[in-house]
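One structure is given here, and the rest of the page talks about it.
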Amino acid sequence: MPFKRALLILAVFLNLAIGVLTGIFPLLAEEKSPKPSWLDKLLTNWNQPGVPIPKPSLETVDSNELTRCKERVRPPSDAADQSLNQAGWTLFGPVQKKGNAAFILAMSGADGQCRPLGFQGFVFVDGKFAGVVSPFAMDARTDSALDLNKIRLKDATDLEIEFLRYSDVDPFCCPSRTQVVTYKIVNGLLTPAKANAPQAHPEALLISLLKAKLGTKGSKLWIEPAYVSIKQDWAYLIGSLSVLVDGEWENVNDGGLAALYRRVRGRWVILEWARYGPDEKQTELYEERVRKRQKTDELPEGLLPKSSLVWGE
């Protein structure tokens, strides 16, 4: 009897253990996994007619931060701006207007580099609030934040915005993908119409190409882009180059790299590139080669930096 009782107790314990492993552990894993972005779900309209302007996501805004970032802050210029200020938002960035529609950026606060935190894109029609472009306030350099340079109010009824898509391993500087969302403005209401499939970010694509060119067996390279320009079928990249040594990133030769690309039959090809550092002669030779191509290949206006082809100063 004691032996059978021991077997019974053991069986009960095993059943409980299996229940824990198959039941509780998955729940814990689900709680720790990041929630999917709204961009990965079926689009529904979070904007409703007649609702007031939402409040900022940060309840307490550090006035010292905003004072320090005063060059980024924009004063109100019309009734729409004033209504956002009154709701607690801080205006920044340019305003886009087409017909009776206006697109306005506003933030809750700013980080140490004056990048916007808790920011949102607002649409107004005839000075009245029509909706926001995201169901959640956004932070700069995070997944699903809009690209401040890729906002296009095409006309009074059509808006197109590019959002940055970060993977779990992307550095803050460089999202690997982007995703375009189009909106319609009908009867004074902003409605998301379509979210295109994510595409490889042009900068990330160029950096990956250059890493493949520079890569060596067993080494880990990191490229921090300082200047990226893409014009038509041409691209130019400047960045600092580091190598992972004993778990720490070390700059290579106190320098970096620069590269000129051209898209040929849909593929980016590296035409000129150089790892540069204290050796000024190498830099001069690289710049001479690029300048020669500038004359013979008729590079697009604005592709190259205005002065130095390695630092773009």
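Readers should treat all values here as calculations from the given coordinates under stated rules, not as data from a laboratory. This structure is a prediction, so every number in the text was calculated from the model and none was measured. As a convention, Cβ positions derive from the backbone with ideal geometry for all residues, glycine included, and neighbour counts pool all protein chains shown.
Maximal additional length on extending the ALA200-SER308 stretch stands at 36.0 nm, based on 0.36 nm per residue less the C-alpha distance. I'd like the FRET efficiency for LYS128 and ASP158, computed as 1/(1 + (r/R0)^6) with the beta carbon distance as r and R0 of 22 Å, rounded to 0.05. Plugging the Cβ-Cβ distance into 1/(1 + (r/R0)^6) gives 0.75. Note on ALA87 and SER37: their simple-model spin labels are 2.3 nm apart, each label 7 Å out from Cα toward Cβ.
Segment ASP246..ARG68, full-extension length gain: 60.2 nm, with 0.36 nm per residue of separation and the alpha-carbon distance subtracted. On the basis of the beta-carbon distance and an R0 of 30 Å, GLU288 and ARG267 show a calculated FRET efficiency of 0.70. The length gained by stretching the chain between LYS213 and THR296 to full extension, at 0.36 nm per residue less their Cα-Cα distance, is 27.4 nm. Hydrodynamic analysis of region 38-200 uses the Kirkwood radius over alpha carbon pairs. Inserted into Stokes-Einstein at 37 °C and 0.692 mPa s, it gives a translational diffusion coefficient of 204 µm²/s.
Here the peptides 81-91, 113-123 are ranked by packing, the mean other Cβ count within 10 Å, and the order with the highest first is 113-123, 81-91. Qualifying chymotrypsin sites (Phe, Trp or Tyr not before Pro) in region 126-232, where qualification requires a DSSP coil assignment and no more than 10 other C-beta atoms within 10 Å, comprise PHE172. What shape does region 202-297 have by the C-alpha gyration tensor, where a ≥ b ≥ c are the square roots of the eigenvalues, rounded means a/c under 1.5, and otherwise prolate means a/b greater than b/c and oblate the rest? Oblate. Magnitude of the charge dipole for region 202-297, about its Cα centre and with charges confined to Cβ atoms of Lys, Arg (+1) and Asp, Glu (-1), is about 760 debye.
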